[in-house]
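Written below as structure tokens is the structure these notes are about.
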Amino acid sequence: MGTRIPSHQLSSGLYVSGRPEQPKDRPPTMTSRSVPYTGGDPKKSGELGKMLEIPGVDQKPSRPSSGSVRSGPNSGPAVGRLSGSGPMSRKSSGSGPIALQPTGLITSGPVGSGPVGSRRSGQLEQPSAAASAGKTVYGSAVTSLNEEVKVGFKVSRAVVWVFMVVVAMCLLVGVFLVVAVKKAVILVALGAVIVPVVVLISWNCVWGRRGLLGFVKRYPDAELRGAIDGQYVKVTGVVTCGSIPLESSYQRIPRCVYVSTELYEYKGLGGKSANPKHSCFTWGSRYSEKYVADFYVSDFQSGLRALVKAGYSAKVAPFVEPNTVVDVTKDNKELSPNFLGWLADRKLSSDDRIMRLKEGYIKEGSTVSVMGVVQRHDNVLMIVPSAEPVSTGCQWIRCLLPTYAEGLILTCEDNQNADVIPV
């Protein structure tokens, strides 16, 4: 007895062999509702704008819809900081700010800060007030030189005391002899002793700074290849910027290792004082800003490059002659818009005053001379400030007493208006 082969009829009426196929369950169809292009308007960006707490976006919870709504990729830039959980807030205890770019990519740093690594360590991000004012603010890696370079006399206290005792005794004896003997010869002899001493002291006060610069200029250049650790040397070569290049505040000269901007005012009879120590008929410093950072110098003798540690509040004695960039006189009191803006950024008045703005800098590619102590660390050659001030010694031919300056001595004789060596 044969086996009967099952058959079934199709919907078209045709009979075919085999069992009919079982109907399969179809997967659910996902539908989505299209969203129009927002054009970067956060008010149209939906849930993302509410999550970032952007002003102008409705914060009320919306009713759920049947379809899935996606916010557009160009939902507007928003800046925030990660706080842990929940929406992005303004403050954070994390590693730094984050930013939502117009493309939707979350990156570190505020919008427009550039690629990662473009902000160098040590530079302080300017707050909104400082950024809008245009005044540059540096971090602790840049040394702020608030005081003028002090050039002192390197004379022992014992010599000073002996000298004062001798002068006092000469005065007493001279006065006694003048009263007792009543002869003018003794008074002349007393003046012959005191006057040269006064002249010598006055001469050193006036020419002491130039004597120090002459000592630095005559000091022989050392070869870094043979310099030992702890040796006091003078290195002359081409300078290059370190990790933090500086910029002058008025002329905006880029890529500098040292910048200074000073505002001076002239005080006439009954005029306004620029500072508490300002006397009449003189120029007084009203405002000053000087900065220096770590930089490199390539030795002319050996060709080696050394790192000069001038940042992080190091003691530095720069001897750079500034140039006058703004000169306001009685005949020319019309201020330029750039100068008015510079004064306004620093909250300085621009009333009827005789002013002079001087600016100095050491630009990358300039030739400088640095005096400091050699220090080697992990095959890195550095020049650091000396722990003790270095004395020039007595310069008998020039009638100069021993003078000194503390820290790194930095000089630059290049004309700031001339071209520098490209690096």
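The values are calculated or read from the model by the stated rules, or taken from the named source; none is laboratory data. Quick caveat: nothing in here was measured; it's all calculated off a predicted structure. Cβ atoms come from the backbone with ideal geometry, glycine included; neighbour counts cover every protein chain shown. Note: areas computed on protein heavy atoms with side chains; ligands, DNA, RNA excluded. Shrake-Rupley method; radii C 1.70, N 1.55, O 1.52, S 1.80 Å.
Descriptive notes on the structure:
- Residue that is of a type in the set (Asp, Glu) and either over 30 Å from Cys280 (Cβ atoms) or not assigned by the TED database to the domain that holds Ala293 (or both), where the choices are Glu334, Glu321, Glu406: Glu406
- Answer from Tyr291, Tyr258, Tyr266, Tyr287 - the residue that is over 19 Å from Leu145 (Cα atoms) and either in contact (Cβ under 8 Å) with a residue 60 or more places away in the chain or in contact with a helix residue (DSSP H, G or I) (Cβ under 7 Å, 6 or more places away or on another chain) (or both): Tyr266
- Filtered by the rule that a residue be of a type outside the set (Ser, Thr, Tyr) and either at pLDDT below 95 or over 26 Å from Leu357 (Cα atoms) (or both), the stretch 295-310 gives Phe295, Val297, Asp299, Phe300, Gln301, Gly303, Leu304, Arg305, Ala306, Leu307, Val308, Lys309.
- Failed criterion for Ile228 (all others in (1) under 30 Å from Val384 (Cβ atoms); (2) open to solvent by less than 80 Å² (accessible area, probe 1.4 Å); (3) of a type in the set (A, V, I, L, M) hold): (2)
- Count of the stretch 340-384 residues which are touching a strand residue (DSSP E or B) at 6+ places or on another chain (Cβ under 6 Å), open to solvent by 40 Å² or more (accessible area, probe 1.4 Å) and part of a loop (DSSP other than H, G, I, E, B): 1
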